[in-house]
1. Can you give me the number of residues within the range 345-361 that are within 31 Å of the chain's Cα centre (by Cα) and assigned to a loop (DSSP other than H, G, I, E, B)?
2. Give the range 418-442 a look and list any residue that's in a strand (DSSP E or B), under 28 Å from the mean Cα position of the chain (by Cα) and of a type in the set (D, E, K, R), or say none.
3. Any idea how many residues of the range 244-256 are under 25 Å from the mean Cα position of the chain (by Cα) and open to solvent by 40 Å² or more (accessible area, probe 1.4 Å)?
4. Considering only the range 405-432, state which residues are open to solvent by less than 60 Å² (accessible area, probe 1.4 Å), touching a residue at least 60 places away in the same chain (Cβ under 8 Å) and charged (D, E, K, R).
5. Have a look at 312, 336, 281, 298 and point out the one that is open to solvent by less than 40 Å² (accessible area, probe 1.4 Å), of a type in the set (Gly, Ala, Ser) and at pLDDT below 90.
6. Mind checking whether some residue in the range 13-24 is buried (at least 17 other Cβ atoms within 10 Å of the Cβ), within 25 Å of residue 188 (Cβ to Cβ) and modelled with pLDDT under 85?
7. Would you please name the residue that is surrounded by the most Cβ atoms within 10 Å (Cβ to Cβ), looking only at residues in the range 371-385 that are free of Cβ contacts under 8 Å to residues at least 24 places away in the same chain and within 24 Å of residue 294 (Cβ to Cβ)?
8. Do any strands (runs of 3 or more DSSP E) entirely within the range 284-344 hold 1 or more residues that are touching an Asp or Glu at 6+ places or on another chain (Cβ under 9 Å) and without any contact (Cβ under 8 Å) to a residue 40 or more places away in the chain, and if so, which?
Amino acid sequence: VSSLKLIPQSVITGRVSDEDGDAVEGASIEVWKIAYPRGKRQLTNVERQRTNDQGEYRLAGLSPGRYFVSASLNRGGGARIGRGGQDTSSSTSYVTTFYPNASGVGGAAPIDVAAGGDARGIDFRLTKSSVFKVSGTVGGLPEAPAQAKGGRGGQVILVPRDPLAPRADFQMTPISATGSFEMNGVAAGAYYLIAAAAPSGGGRGGAAQRSVGRVSLDITRGDVRNVSIRVNPAATVTGKVSVDGTNTSLNSVRIAFVPAELAGIGGLGVGNVNVQVQADGMFQTQLPADVFNAEISGVPPGYYVKSIRSGGRDLTDATFDFTNSAAPVDIVLAAGGASISGSVKNANGEPAAGVRVTLVPASGVSRRDLHVSMNSGDNGEFAFKALPPGEYQIFAWQEVDATAWMDAIFRKPFEGWSGKVRVDANAAPSVELNLIPKALIAQSR
């Protein structure tokens, strides 16, 4: 008879007060963890709750792990206090605070909770910080839809540039009929200011039909006025996938264009766009005028991506800048390639079966198709096939998050455990790996 082991849930409790020590009712308490969607290090929300009339909160049902906790009165700057509703550079507000008293994860204290653990006394004492006004104009807007009333049907969105800032913690304001915008209560920091215009013609089209534009904005000591953002119409991207030296069907090949810097931010008009390649290798799609990474999948067995080019340039990292133009994309596949095989042993020198083995380019190139994983066999064996010639690092993990291993920052503490192999076309070297123990992996989170 099989048995199911249940893991006790953990709890975080605390209290929120203002600078005078008085309880803050209705403060938003949020629990965050560092995650790796698509292999990119980001701060991800786990749980949220509001404080009671005593300023207290209790976050239950958490899985064991490392967390960060924040408190705020309002997203994007909080409740306005100090000089009331005045929109001046000296206005103050309660802004998002990470435990114990930090503006972001960089200065925050992580909270490690064990199975069934109770992390008490995670208290906040909120203080006022200066908040500022951001205003400007949006150029290049399409004509307003006929049914639009008083506006241009688009938004300007302010979002932190740091991927470890709460990406949901953004401000949004409509674009006026004259193309102007204004935001109040903005805390100091580094941001993207993004304009996303409604599709021309008034349709309900998706992200690929929007006009978008963005600028980087650093807010330090005062209001920021006269910001100019120009939106660019969606780019029509055409391309071809071909096979070097042979003839094979390509209708299994798919390309995902993923925003290079704005991934994981909702409501911006910039999202993932998936393209199905036709049997003859041709494809076409529309993309917002921004920077994208191309993720190529469904490559026929025994083939690999030999080259990616656009506008006569070799794009080793598969990063495309469609901000101002969209040159045709040319992707070449080739048969054969190199193979790397090997085995994994645990601390006792025994074969490590069923563990995760991952392969990444030693150059640090982030191309998704060059990041490959598999489980070791019964005797700890593994084999990666159809690899482009180059140098690789291979790791064996006793336990690792599904995509964390793709992140170079996550991997860095474990580079001494990796096997490094350089392969030429049709080569098949072998490497022996030591298993990275899960206790060591847990310490790095």
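The values are calculated or read from the model by the stated rules, or taken from the named source; none is laboratory data. This structure is a prediction, so every number in the text was calculated from the model and none was measured. Using ideal geometry, Cβ is built from the backbone for each residue, glycine included, and neighbour counts are taken over all protein chains shown. Accessible surface is based on the protein model in full, side chains and every heavy atom, while ligands, DNA and RNA are left aside. Shrake-Rupley method; radii C 1.70, N 1.55, O 1.52, S 1.80 Å.
1. 2
2. Selection gives 420 alone.
3. Total meeting the criteria: 1.
4. 407
5. 336
6. No, the range 13-24 contains no residue that is buried (at least 17 other Cβ atoms within 10 Å of the Cβ), within 25 Å of residue 188 (Cβ to Cβ) and modelled with pLDDT under 85.
7. 372
8. 291-297, 303-310, 319-321
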